[in-house]
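Trainee: Here it is, the structure, as C-alpha coordinates.
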Amino acid sequence: MTGKKINTFTRLVEVQQLAEDVFLHRYKCPQIAQRANPGQFVMLRVAGGIQPFLPRPFSIAGVDESKQTFSILFNIRGEGTRLLAQKSVGESVHVFGPLGTGFTIDKNIHHHTLIAGGMGIAPLFFLLQKLNKLSVTKTLLYAARSSQLILLRPELESLTDNIAYITEDGSLGKKGIATDFVGDYLSPDSTIYACGPAGFNETFIQVARSKGVTRCQLSLEQQMACGVGACLGCVVRTRDGYQRVCTEGPVFPLSILT
(Lines give C-alpha, C1' and ligand atoms only; values in the text may rest on other atoms or scores of the structure.)
Protein backbone atom coordinates (compact mmCIF):
# COMPACT_ATOMS: atom_id res chain seq x y z
CA MET A 1 0.00 0.00 0.00
CA THR A 2 1.64 3.25 -1.09
CA GLY A 3 0.75 6.78 -2.06
CA LYS A 4 -0.97 8.40 0.91
CA LYS A 5 1.25 10.44 3.23
CA ILE A 6 0.63 10.32 6.95
CA ASN A 7 0.78 13.56 8.97
CA THR A 8 0.37 12.74 12.63
CA PHE A 9 1.98 12.22 16.01
CA THR A 10 3.69 8.92 16.69
CA ARG A 11 4.74 7.34 19.98
CA LEU A 12 8.28 6.18 20.67
CA VAL A 13 8.12 2.53 21.77
CA GLU A 14 11.78 1.45 21.79
CA VAL A 15 15.18 3.12 22.16
CA GLN A 16 18.53 1.43 21.58
CA GLN A 17 21.91 3.11 21.81
CA LEU A 18 23.97 1.18 19.27
CA ALA A 19 27.25 3.10 19.58
CA GLU A 20 28.50 6.40 20.90
CA ASP A 21 26.05 9.03 19.62
CA VAL A 22 24.23 6.43 17.45
CA PHE A 23 20.65 5.44 18.22
CA LEU A 24 17.83 3.29 16.93
CA HIS A 25 14.28 4.49 17.58
CA ARG A 26 11.17 2.46 16.93
CA TYR A 27 7.82 4.26 16.61
CA LYS A 28 4.25 2.97 16.65
CA CYS A 29 2.51 4.07 13.47
CA PRO A 30 0.36 1.47 11.68
CA GLN A 31 -0.16 3.63 8.58
CA ILE A 32 3.55 4.07 7.87
CA ALA A 33 4.32 0.44 8.73
CA GLN A 34 1.78 -0.61 6.08
CA ARG A 35 2.77 1.88 3.38
CA ALA A 36 6.53 2.33 3.57
CA ASN A 37 8.91 0.91 0.97
CA PRO A 38 12.69 0.52 1.38
CA GLY A 39 14.49 3.72 0.43
CA GLN A 40 11.71 6.04 1.56
CA PHE A 41 12.04 8.41 4.50
CA VAL A 42 10.03 10.34 7.08
CA MET A 43 10.24 13.90 8.34
CA LEU A 44 10.26 14.15 12.14
CA ARG A 45 9.63 17.31 14.13
CA VAL A 46 11.43 16.67 17.37
CA ALA A 47 10.37 19.68 19.48
CA GLY A 48 7.22 21.67 20.11
CA GLY A 49 8.93 25.06 20.07
CA ILE A 50 10.58 27.00 17.30
CA GLN A 51 14.05 25.51 17.84
CA PRO A 52 14.82 23.57 15.79
CA PHE A 53 12.37 25.22 13.41
CA LEU A 54 12.52 22.64 10.59
CA PRO A 55 11.74 18.93 10.79
CA ARG A 56 14.53 16.44 10.07
CA PRO A 57 14.58 13.69 7.42
CA PHE A 58 15.34 10.10 8.45
CA SER A 59 15.53 7.01 6.28
CA ILE A 60 13.11 4.31 7.31
CA ALA A 61 15.37 1.56 8.63
CA GLY A 62 12.74 -1.16 8.83
CA VAL A 63 9.15 -1.90 9.64
CA ASP A 64 7.37 -4.53 11.70
CA GLU A 65 3.87 -4.82 10.29
CA SER A 66 2.77 -7.19 13.06
CA LYS A 67 3.75 -4.66 15.73
CA GLN A 68 2.74 -1.70 13.51
CA THR A 69 6.07 0.02 13.98
CA PHE A 70 8.77 1.64 11.88
CA SER A 71 12.40 2.30 12.82
CA ILE A 72 15.00 4.96 12.19
CA LEU A 73 18.77 5.03 12.75
CA PHE A 74 20.54 8.29 13.47
CA ASN A 75 23.68 9.78 14.94
CA ILE A 76 23.87 13.03 16.86
CA ARG A 77 24.96 15.71 14.42
CA GLY A 78 23.23 18.87 15.60
CA GLU A 79 20.53 20.32 17.81
CA GLY A 80 17.68 18.37 16.19
CA THR A 81 19.27 14.96 16.58
CA ARG A 82 20.54 15.85 20.06
CA LEU A 83 16.96 16.57 21.14
CA LEU A 84 15.74 13.39 19.45
CA ALA A 85 18.33 11.31 21.31
CA GLN A 86 16.94 12.66 24.59
CA LYS A 87 13.46 11.30 23.87
CA SER A 88 12.22 8.51 26.14
CA VAL A 89 9.89 5.59 25.49
CA GLY A 90 6.30 6.82 25.64
CA GLU A 91 7.03 10.30 24.31
CA SER A 92 5.67 11.42 20.96
CA VAL A 93 7.07 13.23 17.94
CA HIS A 94 5.37 14.57 14.86
CA VAL A 95 5.89 12.44 11.74
CA PHE A 96 5.18 13.08 8.06
CA GLY A 97 5.64 10.30 5.52
CA PRO A 98 6.45 7.95 3.99
CA LEU A 99 8.14 10.23 1.48
CA GLY A 100 10.28 9.94 -1.61
CA THR A 101 10.95 7.30 -4.25
CA GLY A 102 12.39 4.10 -2.86
CA PHE A 103 14.22 1.12 -4.29
CA THR A 104 12.69 -0.92 -7.11
CA ILE A 105 13.01 -4.67 -6.60
CA ASP A 106 13.07 -6.79 -9.75
CA LYS A 107 11.82 -10.18 -8.57
CA ASN A 108 13.06 -11.79 -11.79
CA ILE A 109 16.70 -11.09 -10.87
CA HIS A 110 18.19 -13.87 -8.76
CA HIS A 111 21.14 -12.09 -7.14
CA HIS A 112 21.05 -8.77 -5.29
CA THR A 113 24.08 -6.89 -3.96
CA LEU A 114 23.79 -4.20 -1.29
CA ILE A 115 26.63 -1.78 -0.56
CA ALA A 116 26.46 0.38 2.57
CA GLY A 117 28.83 3.06 3.81
CA GLY A 118 28.39 4.21 7.41
CA MET A 119 24.82 5.27 8.22
CA GLY A 120 23.87 4.25 4.67
CA ILE A 121 23.02 0.91 6.23
CA ALA A 122 19.64 2.32 7.34
CA PRO A 123 17.63 2.04 4.08
CA LEU A 124 19.56 -1.08 3.06
CA PHE A 125 18.60 -2.87 6.28
CA PHE A 126 14.95 -2.29 5.39
CA LEU A 127 15.67 -3.51 1.86
CA LEU A 128 17.28 -6.68 3.21
CA GLN A 129 14.13 -7.35 5.21
CA LYS A 130 12.08 -7.17 2.01
CA LEU A 131 14.52 -9.27 -0.05
CA ASN A 132 14.60 -11.90 2.68
CA LYS A 133 10.97 -12.70 1.86
CA LEU A 134 11.89 -13.56 -1.75
CA SER A 135 13.69 -16.58 -3.20
CA VAL A 136 16.82 -14.61 -4.10
CA THR A 137 20.45 -14.52 -2.99
CA LYS A 138 21.74 -11.45 -1.20
CA THR A 139 25.26 -10.10 -0.67
CA LEU A 140 26.02 -7.18 1.64
CA LEU A 141 29.21 -5.11 1.63
CA TYR A 142 29.20 -2.91 4.74
CA ALA A 143 31.90 -0.34 5.52
CA ALA A 144 32.32 1.84 8.61
CA ARG A 145 35.09 3.61 10.49
CA SER A 146 35.42 0.85 13.11
CA SER A 147 33.82 -2.36 14.34
CA GLN A 148 31.90 -0.34 16.95
CA LEU A 149 30.14 1.47 14.10
CA ILE A 150 29.07 -1.71 12.30
CA LEU A 151 25.44 -1.43 13.37
CA LEU A 152 22.81 -4.14 13.78
CA ARG A 153 25.34 -6.88 13.09
CA PRO A 154 23.34 -9.80 14.59
CA GLU A 155 20.20 -8.70 12.75
CA LEU A 156 22.05 -8.36 9.46
CA GLU A 157 23.65 -11.78 9.82
CA SER A 158 20.23 -13.30 10.43
CA LEU A 159 19.07 -11.93 7.07
CA THR A 160 22.00 -13.09 4.92
CA ASP A 161 25.14 -15.22 5.28
CA ASN A 162 26.90 -13.30 2.51
CA ILE A 163 28.33 -10.29 4.35
CA ALA A 164 31.72 -8.64 3.91
CA TYR A 165 32.81 -6.02 6.45
CA ILE A 166 35.29 -3.20 5.87
CA THR A 167 36.60 -0.90 8.59
CA GLU A 168 38.96 2.03 8.24
CA ASP A 169 40.95 0.93 11.30
CA GLY A 170 40.97 -2.76 10.38
CA SER A 171 39.12 -3.77 13.55
CA LEU A 172 36.66 -5.94 11.58
CA GLY A 173 36.96 -7.49 8.15
CA LYS A 174 39.18 -5.84 5.54
CA LYS A 175 41.00 -2.61 6.29
CA GLY A 176 40.09 0.38 4.13
CA ILE A 177 37.00 2.17 2.87
CA ALA A 178 34.09 0.90 0.81
CA THR A 179 35.32 2.22 -2.52
CA ASP A 180 38.63 0.35 -2.09
CA PHE A 181 36.81 -2.94 -2.53
CA VAL A 182 33.51 -2.11 -4.18
CA GLY A 183 34.69 -3.16 -7.64
CA ASP A 184 35.07 -6.75 -6.43
CA TYR A 185 31.34 -6.90 -5.66
CA LEU A 186 29.87 -5.34 -8.78
CA SER A 187 28.57 -7.73 -11.41
CA PRO A 188 26.41 -7.01 -14.47
CA ASP A 189 24.42 -10.13 -13.52
CA SER A 190 23.34 -8.65 -10.18
CA THR A 191 21.06 -5.82 -9.16
CA ILE A 192 23.10 -3.32 -7.14
CA TYR A 193 21.73 -1.09 -4.39
CA ALA A 194 24.00 1.41 -2.62
CA CYS A 195 23.86 4.12 0.00
CA GLY A 196 26.72 5.99 1.59
CA PRO A 197 28.02 9.43 2.50
CA ALA A 198 28.44 12.13 -0.13
CA GLY A 199 32.12 11.40 -0.64
CA PHE A 200 31.29 7.81 -1.50
CA ASN A 201 28.95 8.57 -4.38
CA GLU A 202 31.28 9.97 -7.03
CA THR A 203 33.81 7.14 -6.77
CA PHE A 204 31.08 4.51 -6.58
CA ILE A 205 29.44 5.81 -9.77
CA GLN A 206 32.75 5.75 -11.63
CA VAL A 207 33.60 2.21 -10.51
CA ALA A 208 30.11 0.89 -11.26
CA ARG A 209 30.19 2.25 -14.80
CA SER A 210 33.67 0.86 -15.40
CA LYS A 211 32.34 -2.58 -14.43
CA GLY A 212 29.50 -2.38 -16.94
CA VAL A 213 26.83 -2.37 -14.26
CA THR A 214 23.42 -1.30 -15.56
CA ARG A 215 20.96 -2.49 -12.91
CA CYS A 216 22.08 -0.15 -10.15
CA GLN A 217 20.23 2.16 -7.77
CA LEU A 218 21.88 4.71 -5.49
CA SER A 219 20.22 6.34 -2.51
CA LEU A 220 21.53 9.88 -2.02
CA GLU A 221 22.00 11.58 1.32
CA GLN A 222 21.00 15.23 1.18
CA GLN A 223 19.90 17.98 3.54
CA MET A 224 16.16 18.67 3.24
CA ALA A 225 13.88 21.39 4.50
CA CYS A 226 10.35 20.42 3.43
CA GLY A 227 10.51 16.83 2.17
CA VAL A 228 7.91 17.37 -0.55
CA GLY A 229 9.81 19.23 -3.27
CA ALA A 230 8.39 22.68 -2.61
CA CYS A 231 11.51 24.46 -1.38
CA LEU A 232 13.94 23.08 -4.03
CA GLY A 233 16.63 22.93 -1.36
CA CYS A 234 17.77 19.39 -2.12
CA VAL A 235 18.15 19.40 -5.91
CA VAL A 236 20.96 17.47 -7.58
CA ARG A 237 22.19 17.60 -11.13
CA THR A 238 21.38 14.54 -13.24
CA ARG A 239 21.53 13.66 -16.92
CA ASP A 240 17.82 14.49 -17.02
CA GLY A 241 18.36 17.95 -15.52
CA TYR A 242 18.06 19.02 -11.91
CA GLN A 243 15.94 16.72 -9.77
CA ARG A 244 14.74 16.85 -6.18
CA VAL A 245 16.18 14.26 -3.84
CA CYS A 246 13.06 14.36 -1.67
CA THR A 247 10.60 13.52 -4.46
CA GLU A 248 12.32 12.12 -7.56
CA GLY A 249 14.75 10.47 -5.12
CA PRO A 250 16.30 9.76 -2.73
CA VAL A 251 16.84 6.60 -4.80
CA PHE A 252 18.05 7.23 -8.36
CA PRO A 253 19.05 4.80 -11.11
CA LEU A 254 22.75 4.92 -11.91
CA SER A 255 21.92 5.68 -15.55
CA ILE A 256 20.82 9.28 -14.83
CA LEU A 257 23.43 10.27 -12.27
CA THR A 258 26.36 12.47 -13.27
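Trainee: Residues that are touching a helix residue (DSSP H, G or I) at 6+ places or on another chain (Cβ under 6 Å) and of a type in the set (D, E, K, R): does the stretch 247-257 have at least one?
Mentor: Checked the stretch 247-257: no residue is touching a helix residue (DSSP H, G or I) at 6+ places or on another chain (Cβ under 6 Å) and of a type in the set (D, E, K, R).
Trainee: Further question: Quick check on this structure: which one of Val42, Val89 is loosely packed, with under 14 Cβ neighbours inside 10 Å, touching a Leu at 6+ places or on another chain (Cβ under 8 Å), in the same structural domain as Gln16 (by TED's automatic domain parsing) and within 23 Å of Arg11 (Cβ to Cβ)?
Mentor: Exactly one residue qualifies, and that residue is Val89.
Trainee: Which ones in the stretch 1-25 are under 19 Å from Pro55 (Cα atoms), more than 15 Å from the chain's Cα centre (by Cα) and in a strand (DSSP E or B)?
Mentor: Ile6, Asn7, Thr8, Phe9, Thr10, Arg11, Leu12
Trainee: Looking for whichever is more than 23 Å from Lys5 (Cα to Cα), of a type in the set (Ser, Thr, Tyr) and either touching an Asp or Glu at 6+ places or on another chain (Cβ under 6 Å) or without any contact (Cβ under 8 Å) to a residue 24 or more places away in the chain (or both) here; the options are Thr179, Thr238. Which one fits?
Mentor: Criteria check complete, one pass: Thr238.
Trainee: Given the structure, is Leu128 modelled with pLDDT of 95 or more, crowded, with 19+ Cβ neighbours inside 10 Å and not in a helix (DSSP H, G or I)?
Mentor: Details: modelled with pLDDT of 95 or more: yes; crowded, with 19+ Cβ neighbours inside 10 Å: yes; not in a helix (DSSP H, G or I): no.
Considered against the rule, which asks whether it is modelled with pLDDT of 95 or more, crowded, with 19+ Cβ neighbours inside 10 Å and not in a helix (DSSP H, G or I), Leu128 comes out as no.
Trainee: Could you tell me how many of the residues in the stretch 96-125 are outside any strand (DSSP E or B), in contact with a Leu (Cβ under 9 Å, 6 or more places away or on another chain) and either closer than 13 Å to Leu156 by Cα or charged (D, E, K, R) (or both)?
Mentor: Count: 5.
Trainee: Another one. Of all residues in the stretch 189-202 being farther than 15 Å from Gly118 by Cα and either outside the structural domain of Pro123 (by TED's automatic domain parsing) or within 19 Å of the chain's Cα centre (by Cα) (or both), which is surrounded by the fewest Cβ atoms within 10 Å (Cβ to Cβ)? Walk me through it before giving the result.
Mentor: Here is the first cut: in the stretch 189-202, the ones farther than 15 Å from Gly118 by Cα are 189-192, 202.
Pick out the ones that are also either outside the structural domain of Pro123 (by TED's automatic domain parsing) or within 19 Å of the chain's Cα centre (by Cα) (or both) and you get 191-192, 202.
Details: Thr191: 23, Ile192: 25, Glu202: 12.
Per the criteria, the residue is Glu202.
Trainee: Separate question: Starting from residues that are in a strand (DSSP E or B) and free of Cβ contacts under 8 Å to residues at least 24 places away in the same chain, keep the ones in the stretch 166-176 and report whichever is farthest from Lys138 (Cα to Cα).
Mentor: Going through the qualifying residues, I end up with Lys175.
Trainee: Please determine whether any residue of the stretch 229-243 is polar (S, T, N, Q) and assigned by TED's automatic domain parsing to the domain that holds Leu151.
Mentor: Within the stretch 229-243, none of the residues are polar (S, T, N, Q) and assigned by TED's automatic domain parsing to the domain that holds Leu151.
Trainee: Out of all the residues in the stretch 58-97, which are of a type in the set (Gly, Ala, Ser), over 19 Å from the mean Cα position of the chain (by Cα) and under 17 Å from Val42 (Cα atoms)?
Mentor: The answer is Ser92, and nothing else.
Trainee: In this structure, is Leu186 more than 16 Å from the chain's Cα centre (by Cα) and crowded, with 20+ Cβ neighbours inside 10 Å? Break it down into steps so the answer makes sense when it comes.
Mentor: Numbers: more than 16 Å from the chain's Cα centre (by Cα): yes; crowded, with 20+ Cβ neighbours inside 10 Å: yes.
Yes; evaluated as a whole, the condition is true for this residue.
Trainee: Of everything in the stretch 203-219, what is small (Gly, Ala, Ser) and over 18 Å from the mean Cα position of the chain (by Cα)? Give them in sequence order. Reasoning before the result, please.
Mentor: Kept after step one, since they are small (Gly, Ala, Ser), are these residues of the stretch 203-219: 208, 210, 212, 219.
Correct list: Ala208, Ser210, Gly212.
The values are calculated or read from the model by the stated rules, or taken from the named source; none is laboratory data. This structure is a prediction, so every number in the text was calculated from the model and none was measured. Because the Cβ atoms are built from the backbone with ideal geometry, glycine has one as well, and the counts that use them run over all protein chains shown.
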